[in-house]
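See below for the structure under consideration.
All of the numbers you see were taken from the coordinates with simple rules; none came from a lab. For clarity, every value in this text was computed on a predicted model and none was experimentally measured. For neighbour counting, all protein chains shown are included, and Cβ atoms are generated from backbone atoms with ideal geometry for every residue, glycine included.
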Ligand code: PLP
């Protein structure tokens, strides 16, 4: 695709109130009104541009939300205090008791746990499918299906979702396609490919510094309006709002996202091509042997590469632990969960960020006990890092 999300960020014209090159930071939870009537109208959702109370909207969050909507090519967006807040609020806004969700079985472990353990308590039924098998997705659809849920590139198996086909299927059934684009900001623009709602853990690449937890929901104006409705909006009533000081710091990091994504992708591609020579199973969408390599190529925005995540199968948990400890000692990066950081991070998925997934389901989905997920950093000495990794194998 020739869409350039970096230009969307570049073109933003957001200034501080005294002409500051960065928007002013709103350090207020509440806002004054000149007249009681305007306050009443704002409660009714009729006063575009008026701020009421920071759990609802505030200027700093609006700047960041507008930037994310521009990035994702959606009409609107809303920022949350975590990625999980974005996912749970968006799903609970769409679904009510008696509804049904079809989801990729391979998702971030917290999302899996919410779908598997939490939603059924409220009579929302969930069917888990192999999202790369469109026949299986189709067979799972029911008259009460309200959402197909997936990740653009899934955590941790790095399967690529066929967003256009999934969108078509969802729309034929009157459902919405919700896509978590946490692994591939800039690389993919799910809304342009047909997704109705795009969610993010901004904790990861978007912020890129591992200094906070945050999330976002990008969608139509209508949906964001529903989320922030004072009577029945999950964003308003469950209170997941992002702090405005954090919003302003994340916004500044968004302006370097294009450079960081290119470098993450370049470094991960280099490791994938060279570590795979050691004869180990390595998963990376940028390799020709990845089952959805061609699909990824078709869906991606040119220039940004195949992402910063790769997975290496050490076969057993014990070997994985030994390998990761050695890599940390050798200075490859840190043995830590999370991703999208400037340093390389690695963890054994089945025993960390996917440990919520029961063992038999891990086996069914092909998640090996020794799978080590790498979030490749921004280092400029990849030859050296490669040698260190080889030395640890
Ligand atoms: N989505 C994905 C793909 C993730 O990897 C994570 C966290 O690892 C989340 C969502 C949850 O985000 P947060 O930790 O910001 O709540």
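Largest GNM mean-square fluctuation among 353, 316, 203, using the chain with Cα springs under 10 Å: 316. Between residue 135 and residue 172, what is the spin-label point distance in nm, taking each point 7 Å from the Cα along the Cα→C-beta axis? Using points 7 Å along Cα→Cβ, the separation is 1.4 nm. Between residue 318 and residue 274, the FRET efficiency estimated from the beta carbon spacing at R0 = 25 angstrom works out to 0.50. Only helices enter this figure: runs of n ≥ 4 DSSP H residues, each worth -39500 (n - 2.57), summed and divided by the residues of the chain, yield -10500 deg cm²/dmol at 222 nm to the nearest 500. Multiplying the residue separation of residue 359 and residue 17 by 0.36 nm and removing their Cα-Cα distance gives an extension gain of 117.7 nm. The ranking of 260, 121, 322, 55 from fewest to most other beta carbons within 10 Å of each one's beta carbon is 121, 322, 55, 260. The mean sequence separation of alpha-carbon pairs under 8 Å and at least six residues apart, normalised by the residue count of the stretch 5-254, gives a relative contact order of 25 percent.
Summed over all non-identical Cα pairs, the Kirkwood treatment of the stretch 5-254 gives a radius of 18.5 Å.
Between the helical axis of 244-254 and the dominant principal axis of the chain, each derived from Cα atoms, what acute angle in degrees is found, rounded to the nearest 10? Its long axis makes an angle of about 50 degrees. Considering only 365, 236, 188, the mean-square fluctuation computed in a Gaussian network model of the chain, springs between alpha carbons under 10 angstrom, is largest for 365. The stretch 79-139 and the stretch 340-378 have Cα centres lying 20 Å from one another. With respect to the chain, whose longest principal axis is taken over its alpha-carbon atoms, helix 257-275 is tilted by about 20°. What FRET efficiency comes out for the pair residue 46/residue 303, r = Cβ-Cβ distance, R0 = 35 Å, nearest 0.05? Efficiency computed from Cβ-Cβ geometry: 0.25.
Treating each Cα of the stretch 81-143 as one equal point scatterer and applying the Debye formula with no solvent, the log10 of I(q)/I(0) at q = 0.21, 0.26, 0.30 Å⁻¹ comes out as -0.87, -1.21, -1.34. In plain terms, the chain from residue 325 to residue 381 could stretch by 18.1 nm, reckoned as 0.36 nm per residue minus the Cα-Cα distance. Largest mean-square fluctuation among 347, 29, 375, in a Gaussian network model of the chain whose springs join Cα atoms under 10 Å apart, belongs to 29. Report, in degrees rounded to the nearest 10, the 0 to 90 angle that the Cα long axis of helix 83-94 makes with the longest principal axis of the chain. Roughly 60 degrees, rounded to the nearest 10.
Considering only beta bridges that DSSP places wholly inside the chain, some 55 percent are antiparallel. Taking the inverse of the mean reciprocal distance over all distinct Cα pairs, the Kirkwood hydrodynamic radius of the stretch 110-220 comes to 14.6 Å.
Share of pairwise Cα-Cα distances greater than 19 Å in the stretch 257-393 is 49 percent (whole percent).
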